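Peer 1: Got a structure here, written out as structure tokens. Questions coming.
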Amino acid sequence: MTNFKIIRQIFYKFLIIISVGLVFELIYKGLKISIVYNSFENILFSFLLLSPLYLISRQIIQSVYVYFIYFLFCLCTYFETVYYYLFDTFLSASSLFVSLESNRFEATEFLSFYFDSEVIMFSVILIVMVFLSAYRLTSNLILLKKSSKQIQIKISVCIAIVVLFLKFSALIVYNLPYLILKSSIEYVLESNKLGNYKTNSTGDFLNVSRSVIGEDEVYVLVLGESTSRAHFGLYNYYRATTPKLTSIRDELSVYNNVISAHPHSITSITKLLTLGNREHPEKISKGSIIQLANSAGFETIWLSNQRPIGIYESLVTKIALSSSRSNFLTTVQGVHNNVLDGALLPELETVLANSSSSKKLIIIHLMGTHVNYASRYPETFNTFTDTPISNYKSDKISKTINDYDNAVLYTDHVISKIIQQIKTLNKRSFVLYFSDHGEELFKDYNMAGHNEDISTKDMYDVPFILWQSENFKKHKNIEFVLDRPYMLDDLFHSLADLLGISAREVDLQRSIFSSNFKSRKRIILKNSEYDSYFNLD
């Protein structure tokens with residue numbers, strides 16, 4: 001038997017795995033051009049993986065190599081297929097970049113939230129097929145002979161041609177190992193940009209100044225998670241998911257047209273807290289609002305119910321560690337994955353009682369309505385149990401939407417308690433609440449969650465609410481244009497404006513609160529304008 005026939009026999013085993021994934025996709029998603037492209041890429045990828053067998057002469061190395069590439073290929077096919085089934089799109093560098101911030105608790109939540117009987121069935125079938133096919137891999141290699149130099153040169157040329165074809169045809173975007181490498185490099189580069197935030201607590205801002213003297217000031221920024229404006233009762237959602245905020249609506253400035261720059265946390269938060277924006281993403285390393293507040297004489301406190309990978313590793317954590325003090329509840333309490341946001345309230349009370357500083361900026365990072373939604377509220381807030389209004393129907397969908405709305409209800413409770421705590425101080429203060437991004441809940445798409453590869457309007461639309469003390473109102477003249485179109489990647493400038501901090505880097509034309517505000521195109525995804533992308537013009 002020639003080497004070609006032997007390797008062809010091995011290739012058939014790869015083809016079986018491709019076929020199992022393809023059949024699963026066709027059954028549940030139907031025939032789509034992206035499925036065809038991905039299958040073709042998988043066939044070419046199989047060729048690339050098998051071609052080096054012509055170049056390897058030692059049988060032991062051949063055996064190890066074949067088993068390695070076979071199981072690697074099977075894992076890639078499995079993750080691609082399941083991801084496509086769940087989100088109707090194939091993996092991208094963006095989605096993998098986000099996954100690098102996840103820890104094992106978040107991964108467990110993701111699996112329990114999304115996996116269903118169909119995924120379990122596919123998993124079992126694929127595992128059986130993998131081991132049945134792998135059983136005879138080594139026997140195919142026994143007759144494999146060393147290839148001639150001429151054959152090796154031809155194979156090398158073919159490998160180069162296939163690689164170039166994958167690259168210039170753009171089919172390489174379907175290749176999981178390539179995407180993993182690409183996203184890992186991007187993650188390391190982004191992480192390096194934020195490397196000096198902890199050691200350089202005041203940044204390198206120029207001409208920093210404030211006109212306020214002799215005032216006791218307490219300002220609170222409440223950073224929500226995965227909370228869509230569409231499910232906020234305060235924005236006329238049909239359910240009363242925000243009864244406490246609605247009861248004090250006269251005290252609030254409720255902005256109606258604020259969106260996130262990205263439908264996931266990492267790139268959204270690293271921009272909204274820093275000088276980085278969609279036009280200049282590289283500026284995330286040029287300074288944060290925490291550093292600016294530090295340089296203006298504020299005591300800055302970061303209280304978080306989010307889960308860092310490790311307290312010195314998460315990109316958001318790196319920004320947080322430039323604050324004067326930080327407290328991550330989930331590390332203090334042993335990384336329990338069901339810590340409720342209400343646990344932040346006594347932490348806030350402690351900060352307010354024990355700080356001697358006359359100027360405080362407190363950032364409270366909520367878990368909000370992050371999946372798993374059912375873990376984000378106590379049983380006493382299990383209010384919505386009827387069948388919700390939805391474009392997609394099933395008992396599971398109804399429960400998911402109900403859990404989400406109950407989580408919003410609990411978020412309303414936490415925000416209201418924070419406002420109440422600050423209100424009792426009778427100091428110059430404000431509480432600003434918004435979410436890092438929104439969430440899709442079976443409205444425009446048959447899914448719950450957020451994913452930039454899909455992108456629906458509710459993934460970008462966020463609540464944006466400002467409460468001000470009477471003392472703050474006397475000293476700060478804010479131009480309230482509640483329908484002003486705004487994107488959160490410019491929030492740094494709005495926060496500096498609210499805090500009354502001037503610096504060369506602060507641009508009031510980018511502040512939603514300023515009379516100098518200048519409207520800009522809100523670019524999302526690669527180069528799409530938000531309003532036209534969702535047909536809002």
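The values are calculated or read from the model by the stated rules, or taken from the named source; none is laboratory data. In this text the structure is predicted, and so the values were computed from the model without any measurement. Cβ sites come from the backbone with ideal geometry, for glycine too, and all protein chains shown count toward neighbours.
Peer 1: Filter the range 145-166 down to residues that are assigned to a helix (DSSP H, G or I) and not hydrophobic (A, V, I, L, M, F, W, C) and give me whichever is nearest to residue 55 (Cα to Cα).
Peer 2: Going through the qualifying residues, I end up with 152.
Peer 1: Quick check on residue 131: is it modelled with pLDDT of 90 or more, among the hydrophobic types (A, V, I, L, M, F, W, C) and over 18 Å from the mean Cα position of the chain (by Cα)?
Peer 2: When the stated conditions are applied, residue 131 does not pass them.
Peer 1: Then there is this: Can you tell me which residue in the range 261-287 is modelled with the highest pLDDT, limited to those that are touching a Gly at 6+ places or on another chain (Cβ under 7 Å) and of a type in the set (S, T, N, Q)?
Peer 2: 274
Peer 1: Now for a separate question. Scan the range 375-385 and give yes if some residue there is modelled with pLDDT of 95 or more, under 26 Å from the mean Cα position of the chain (by Cα), hydroxyl-bearing (Ser, Thr, Tyr) and surrounded by fewer than 21 Cβ atoms within 10 Å (Cβ to Cβ), otherwise no.
Peer 2: Looking through the range 375-385, none of the residues is modelled with pLDDT of 95 or more, under 26 Å from the mean Cα position of the chain (by Cα), hydroxyl-bearing (Ser, Thr, Tyr) and surrounded by fewer than 21 Cβ atoms within 10 Å (Cβ to Cβ).
Peer 1: Please count how many residues of the range 189-204 are loosely packed, with under 15 Cβ neighbours inside 10 Å and assigned to a loop (DSSP other than H, G, I, E, B).
Peer 2: 5
Peer 1: Right, something else. Have a look at 345, 352 and point out the one that is modelled with pLDDT of 90 or more, in a helix (DSSP H, G or I) and out of contact with any strand residue (DSSP E or B) (no Cβ under 9 Å at 6 or more places or on another chain).
Peer 2: 345
Peer 1: Suppose we filter the range 1-17 for residues that are buried (at least 20 other Cβ atoms within 10 Å of the Cβ) and touching a Ser or Thr at 6+ places or on another chain (Cβ under 7 Å); how many remain?
Peer 2: 3
Peer 1: Give the range 174-208 a look and list any residue that's more than 30 Å from residue 323 (Cβ to Cβ) and under 20 Å from the mean Cα position of the chain (by Cα), or say none.
Peer 2: 176, 179, 180, 181, 182
Peer 1: Say we look at the range 448-471 and pick out the residues that are more than 16 Å from the chain's Cα centre (by Cα) and part of a helix (DSSP H, G or I); which of these is surrounded by the fewest Cβ atoms within 10 Å (Cβ to Cβ)?
Peer 2: 470
Peer 1: Can you name the number of the only condition in (1) in the same structural domain as residue 96 (by TED's automatic domain parsing); (2) in contact with a helix residue (DSSP H, G or I) (Cβ under 9 Å, 6 or more places away or on another chain); (3) at pLDDT 80 or above that residue 210 fails?
Peer 2: Answer for residue 210: the failing condition is (1).
Peer 1: Quick check on my filter: what residues within the range 472-487 are part of a loop (DSSP other than H, G, I, E, B), under 30 Å from the mean Cα position of the chain (by Cα) and aliphatic (A, V, I, L, M)?
Peer 2: Those that are part of a loop (DSSP other than H, G, I, E, B), under 30 Å from the mean Cα position of the chain (by Cα) and aliphatic (A, V, I, L, M): 481, 482.
Peer 1: Further question: Can you name the residue in the range 414-431 that is of a type in the set (S, T, N, Q) and over 10 Å from residue 220 (Cβ atoms) and is also surrounded by the fewest Cβ atoms within 10 Å (Cβ to Cβ) among such residues?
Peer 2: Applying the filter and picking the extreme gives 424.
Peer 1: To continue, here is another question. How many residues are closer than 15 Å to residue 375 by Cβ and among the hydroxyl-bearing types (Ser, Thr, Tyr) when one looks only at the range 407-422?
Peer 2: Final tally of qualifying residues: 2.
Peer 1: Read through the list (1) part of a loop (DSSP other than H, G, I, E, B); (2) hydroxyl-bearing (Ser, Thr, Tyr); (3) crowded, with 22+ Cβ neighbours inside 10 Å, then give the number of the only condition that residue 445 fails.
Peer 2: Exception for residue 445: condition (3).
Peer 1: Here is a further query. Which of (1) under 22 Å from the mean Cα position of the chain (by Cα); (2) closer than 30 Å to residue 114 by Cα; (3) not in a helix (DSSP H, G or I) is the odd one out, the single condition residue 392 does not satisfy?
Peer 2: (1)
Each row is one residue, and each column tells you yes or no for (1) free of Cβ contacts under 8 Å to residues at least 24 places away in the same chain; (2) assigned by TED's automatic domain parsing to the domain that holds residue 507; (3) not in a loop (DSSP other than H, G, I, E, B).
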site	(1), (2), (3)
206	no, no, no
239	no, yes, no
254	no, yes, yes
277	no, yes, no
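Peer 1: Restricting the search to the range 305-327, which residues are modelled with pLDDT of 85 or more and of a type in the set (A, V, I, L, M, F, W, C)?
Peer 2: Of everything in the range 305-327, those that are modelled with pLDDT of 85 or more and of a type in the set (A, V, I, L, M, F, W, C) turn out to be 316, 319, 320, 321.
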